[in-house]
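A quick write-up on the structure given underneath.
The values are calculated or read from the model by the stated rules, or taken from the named source; none is laboratory data. What you see is a predicted model; the values in this text were computed from it and never measured. Reconstructed Cβ throughout: ideal geometry from the backbone, glycine too, with neighbour counts over all protein chains shown.
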Amino acid sequence: VQLQASGGGLVQAGGSLRLSCAASGRPFSSYSMGWFRQAPGTEREFVAAIRRTGRTFYADSVKGRFTISRDNALNTGYLQMNGLKPEDTAVYYCAADTGVILSTIRRSSAYDYWGRGTLVTVSS
């Protein structure tokens with residue numbers, strides 16, 4: 001599967017953005033999908049994930065502010081980000097894999113397929 005992330009941009013603190021991850025190739029419904037982010041000088045970190053069943057997982061830092069979802073008919077995943085903070089500034093990556101298990105869903109190593117990142121900048 002090939003992934004293409006989009007929707008990043010510059011937003012003021014407290015604002016919202018919706019990221020999209022368009023997939024092509026094998027039916028998107030067979031994949032678990034995750035969002036990760038990486039700020040300058042830091043390691044890539046888990047943000048959110050959604051399994052094929054629709055069960056969702058979030059990092060504590062974004063819980064209650066971000067919502068991950070998917071539309072299998074459109075082969076697209078989403079990350080709705082509300083209440084953005086300057087510390088959310090990062091390059092955001094979407095990832096997918098068919099074999100993600102519960103114990104590894106927050107690990108970047110669990111995903112074989114990655115899209116190019118999209119930059120989110122939150123100004124204070």
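Of the listed requirements (1) touching a Gly at 6+ places or on another chain (Cβ under 8 Å); (2) loosely packed, with under 15 Cβ neighbours inside 10 Å; (3) within 17 Å of VAL122 (Cβ to Cβ), GLN4 misses just one: (3). Annotation note: of GLY64, GLY15, the sole residue that is modelled with pLDDT of 95 or more and within 15 Å of THR121 (Cα to Cα) is GLY15. Applying a threshold of 7 Å to beta carbon distances and a minimum spacing of six or more residues, or different chains, the list of pairs starting in segment 7-23 at a residue that is free of Cβ contacts under 8 Å to residues at least 12 places away in the same chain and under 15 Å from PHE36 (Cα atoms) and ending at one that is buried (at least 17 other Cβ atoms within 10 Å of the Cβ) and among the aliphatic types (A, V, I, L, M) is empty.
Tell me the strands (runs of 3 or more DSSP E) entirely within segment 22-120 that contain at least 1 residues that are small (Gly, Ala, Ser) and buried (at least 19 other Cβ atoms within 10 Å of the Cβ).
Numbers: elements: 32-38, 45-50, 56-58, 66-71, 76-81, 90-97.
Of the strands (runs of 3 or more DSSP E) lying wholly inside segment 22-120, those with at least 1 residues that are small (Gly, Ala, Ser) and buried (at least 19 other Cβ atoms within 10 Å of the Cβ) span 32-38, 45-50, 76-81, 90-97.
Filter segment 38-57 down to the residues that are touching a Gly at 6+ places or on another chain (Cβ under 8 Å) and either closer than 14 Å to TYR113 by Cα or of a type outside the set (S, T, N, Q) (or both) and list them by number. Please lay out each step first, then the result.
Pass one, segment 38-57, residues touching a Gly at 6+ places or on another chain (Cβ under 8 Å): 38, 46-50.
Result: PHE46, VAL47, ALA48, ALA49, ILE50.
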